[in-house]
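S.K.: If you scroll down you'll find the structure; I have some questions about it.
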Amino acid sequence: MLRLGKLTDYALLITSEMARQQDKLLSTTELADRLHLSATTVSKILKMLSDAHLVTSQRGVDGGYLLAKQAEKITVADIIAAMEGALSITECCEQSGRCSIDSLCRMRENFRVINQKIHAVLVQLTIVDLLKPLGSRYN
C-alpha cells in the first residue's frame with residue numbers, strides 16, 4: 001500500500017499551520033499545543049524541515065520557526081522529499097539495478113510512469129492548498 005509515514009503526515013500539518021500564520025514566529029511548544037502533538041515530535045520534524053531549507057529558526061526567548069519561503073511556493077512534494085526522500089513507489093523508480101529482476105522486468109517503465117504522474121500532482125499542490133478542502137479540485 002502506498003502510504004506516507006506518520007512524521008510526513010505531521011510535517012504537512014505543521015507547515016500548513018505555519019502557512020496560516022505565515023509572518024509569525026511559532027515556537028515548537030506553540031505548534032505542538034495547537035496540533036496536539038508532542039513537542040519532541042514537532043522538534044524532530046522542524047529539524048528535518050530546516051535541513052531541507054523549508055523552515056528557518058530564530059533562537060532566543062522570542063524565537064521560533066518561520067517558513068523559509070512563501071507558503072504558495074512550498075509543495076507537498078517538497079515536504080515528502082524532506083521527510084522521506086525522493087518519491088519512489090518501487091525501487092526501480094528510484095535507481096536502476098537495485099532489483100534482482102531489473103533486466104527482465106516488464107513493469108519497470110509502467111512503474112516509472114505511475115511515479116511521474118503521482119509526482120506531477122504533488123508538485124502542483126502547495127501547503128496553502130491544504131488549508132481548504134481539495135475535493136472539488138480533483139473530482
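S.K.: May I ask you to say which residue of 40, 8, 29 is hydroxyl-bearing (Ser, Thr, Tyr) and either in contact with a strand residue (DSSP E or B) (Cβ under 9 Å, 6 or more places away or on another chain) or surrounded by 14 or more Cβ atoms within 10 Å (Cβ to Cβ) (or both)?
M.R.: Result of the check over 40, 8, 29: 8.
S.K.: Then there is this: Among residues belonging to segment 28-60 that are farther than 20 Å from residue 82 by Cβ and in a loop (DSSP other than H, G, I, E, B), point out the one that is modelled with the highest pLDDT.
M.R.: Applying the filter and picking the extreme gives 36.
S.K.: So which of 33, 51, 9, 23 ends up being acidic (Asp, Glu) and in contact with a Leu (Cβ under 9 Å, 6 or more places away or on another chain)?
M.R.: Every option except 23 fails the conditions.
S.K.: Let me confirm something: among 35, 67, which residue is touching a residue at least 24 places away in the same chain (Cβ under 8 Å), more than 30 Å from residue 107 (Cα to Cα) and under 14 Å from the mean Cα position of the chain (by Cα)?
M.R.: Sole residue among the options that is touching a residue at least 24 places away in the same chain (Cβ under 8 Å), more than 30 Å from residue 107 (Cα to Cα) and under 14 Å from the mean Cα position of the chain (by Cα): 67.
S.K.: Let me ask something else. What tally of residues in segment 1-27 results from selecting those that are among the aliphatic types (A, V, I, L, M) and either in a loop (DSSP other than H, G, I, E, B) or touching a Phe, Trp or Tyr at 6+ places or on another chain (Cβ under 8 Å) (or both)?
M.R.: So the answer is 6.
S.K.: Does segment 73-102 hold any residues that are modelled with pLDDT under 90, hydrophobic (A, V, I, L, M, F, W, C) and under 24 Å from residue 52 (Cβ atoms), and which are they?
M.R.: If the condition is that a residue be modelled with pLDDT under 90, hydrophobic (A, V, I, L, M, F, W, C) and under 24 Å from residue 52 (Cβ atoms), then 86, 87, 89, 93 are the ones that fit.
S.K.: Within the bounds of segment 56-63, is there any residue that is touching a strand residue (DSSP E or B) at 6+ places or on another chain (Cβ under 9 Å) and of a type in the set (D, E, K, R)?
M.R.: No, segment 56-63 has no match at all.
The values are calculated or read from the model by the stated rules, or taken from the named source; none is laboratory data. Please read all numbers here as calculations on a predicted model, not as lab measurements. Using ideal geometry, Cβ is built from the backbone for each residue, glycine included, and neighbour counts are taken over all protein chains shown.
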